[in-house]
Amino acid sequence: MKVLVIGSGAREHALCRSLSLDPAVTALHCAPGNAGIAEAAELHPVDALDGAAVAGLARELGADLVVVGPEAPLVAGVADAVREAGIPCFGPSKEAALLEGSKAFAKDVMAGAGVPTARSYVCTTEAEVDEALDAFGAPYVVKDDGLAAGKGVVVTSDIEQAKEHARGCGRVVIEEFLDGPEVSLFAVTDGEAVVPLRPAQDFKRALDGDEGPNTGGMGAYSPLPWADPKLVDEVLDTVLRPTVDELRRRGTPFAGLLYAGLAITSRGVRVIEFNARFGDPETQVVLARLETPLAGVLLAAANGTLADLPPLRWSDDAAVTVVIASHNYPDTPRTGDPIVGLDAVAAHDAPHAYVLHAGTKREGDAVVSAGGRVLSVTATGADLTQARERAYTAVSRISLDGSQHRTDIAERAAE
Ligand code: AMP
Ligand code: GLY
């Protein structure tokens, strides 16, 4: 099977790594990719947001499957363009991807499906914003309606900051604050059958102890030793299946990866958000534990044959990933700094620990930083303690001037 992956982050590197380990995959391509993905796949300098260009590349390569990684191409209709060219594509249609592309749409789908989520108001004027903030009280949760690369949400007890964020957004969703630990649960779906993956937890704040600004994600781990073993079945029944059924009923079936961001509150599970693609960095740890070859799973979702797939097989190992980010991430990340130590990780820590690249590119013989999140250092182990040790050992071998990483990924869970 010839596979083309679209995107250029650590999630796409994780996808390419798993696909490269799948004996059914005979050729692996990625557009546009990064310096790390270049070692697993052949790169093509095609704009991920250009549906015609992606479909053209897939046709030229004779791809049997295209996997669209990030949300922006999905919301732009890239999966539709690939399917119109007659090529199976893993990733929802433009219309179904609105589940991530518009928080207001997601709320409407959840209301229709009876899915538990925070109570919310969609506001377009300052007066509506003031009224909604007043109705819920602090802490305030203010969300830009559209895509914002993980930076559209402000949670604050400062009313002025809440109002200021709302003013900068245009259409905004204001909602009830949800208390409790967060869980990311992914499901692969063909629009009908729904296959949940293993839950993971992501660390969204920049600094240790969950301090600092929200980011795209600074690390993740799986499994969650503290979670109720029935959680996955409960979320499948109350969240994932009803949402997939509702979108099919509306005539916009969702096929691809449905990502439920959940809060485990004292009153039960609530959806914080949906995403229409694999999460980053959770994918790095979830795929590290998946033993079933990946390509067949994604192809079955693309072809509508997921119900025929045998149950997924999982490793009992734990997995931890630690993100190394640029100086000044998430504000104005500095790029162009050389990354040293990648060979040392490959020499000393493989196969249990390995480096997945996010924002990197090759400059001559050097690999340099090219984005806010630069690397996602991933490790497996018999338990979270061992996986953490291995991940942080590998992190310590890498130097990148001015870089930052959290030192407490999976620390509490490991205890
Ligand atoms: P989102 O982009 O919707 O995932 O929001 C980013 C982060 O903001 C989430 O991972 C939560 O940590 C936080 N957040 C979003 N909505 C809420 C809420 N209703 N209550 C508490 N925290 C929230
Ligand atoms: N891990 C958060 C996200 O992918 O949106």
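Residue 349 meets each of the listed conditions (1) under 19 Å from residue 203 (Cβ atoms); (2) open to solvent by less than 40 Å² (accessible area, probe 1.4 Å); (3) of a type in the set (D, E, K, R) apart from (1). Given the criteria in a loop (DSSP other than H, G, I, E, B) and polar (S, T, N, Q), does residue 332 qualify? It is true that residue 332 is in a loop (DSSP other than H, G, I, E, B) and polar (S, T, N, Q). Taking the criterion of being assigned to a loop (DSSP other than H, G, I, E, B) and either without any contact (Cβ under 8 Å) to a residue 24 or more places away in the chain or under 19 Å from residue 118 (Cα atoms) (or both), the residues of the stretch 169-203 that qualify are 171, 176, 177, 178, 179, 180, 181. Among the numbered conditions (1) within 13 Å of ligand 1 (Cβ to nearest atom); (2) part of a strand (DSSP E or B), the only one that residue 104 does not meet is (2). In the stretch 234-266, the residue that is nearest to ligand 1 (Cβ to nearest atom) out of those that are over 29 Å from residue 65 (Cβ atoms) and in a helix (DSSP H, G or I) is 238. Of the residues screened, residue 270 is not one that is within 16 Å of ligand 1 (Cβ to nearest atom), within 19 Å of the chain's Cα centre (by Cα) and in a loop (DSSP other than H, G, I, E, B).
So, of the residues in the stretch 91-112 that are of a type in the set (D, E, K, R) and more than 17 Å from the chain's Cα centre (by Cα), which turns out to be least open to solvent (accessible area, probe 1.4 Å)? For the stretch 91-112, the residue satisfying everything is 107. Among the residues making up the stretch 340-361, those that are free of Cβ contacts under 8 Å to residues at least 24 places away in the same chain and in a helix (DSSP H, G or I) are 343, 346, 347.
Working only within the stretch 351-366, note down all residues that are within 24 Å of the chain's Cα centre (by Cα) and either within 30 Å of residue 44 (Cβ to Cβ) or of a type in the set (D, E, K, R) (or both).
Selection gives 351, 353, 354, 355, 356, 357, 358, 359, 360, 361.
The condition of being open to solvent by 10 Å² or more (accessible area, probe 1.4 Å) and farther than 12 Å from residue 256 by Cβ holds for only one of 60, 71, that being 60. Within the stretch 59-84, the set of residues being in contact with an Asp or Glu (Cβ under 7 Å, 6 or more places away or on another chain) and charged (D, E, K, R) comprises just one member, 71. Out of all the residues in the stretch 141-154, is one or more part of a helix (DSSP H, G or I) and among the basic types (Lys, Arg)? Taking every residue of the stretch 141-154 in turn, none turns out to be part of a helix (DSSP H, G or I) and among the basic types (Lys, Arg). Taking into account only those residues within the stretch 275-298 that are open to solvent by less than 10 Å² (accessible area, probe 1.4 Å) and within 14 Å of ligand 1 (Cβ to nearest atom), which is nearest to the chain's Cα centre (by Cα)? The residue in question is 279. From the set of residues in the stretch 107-166 that are touching a residue at least 40 places away in the same chain (Cβ under 8 Å) and in contact with a Leu (Cβ under 7 Å, 6 or more places away or on another chain), which is farthest from residue 277 (Cα to Cα)? Looking at the filtered set, the residue picked out is 118.
The values are calculated or read from the model by the stated rules, or taken from the named source; none is laboratory data. Note that the coordinates shown come from a computational prediction; the quantities given were computed from them, not determined experimentally. Using ideal geometry, Cβ is built from the backbone for each residue, glycine included, and neighbour counts are taken over all protein chains shown. Note: accessible area is taken over every heavy atom of the protein model, side chains too, but ligands, DNA and RNA are not part of it. Shrake-Rupley method; radii C 1.70, N 1.55, O 1.52, S 1.80 Å.
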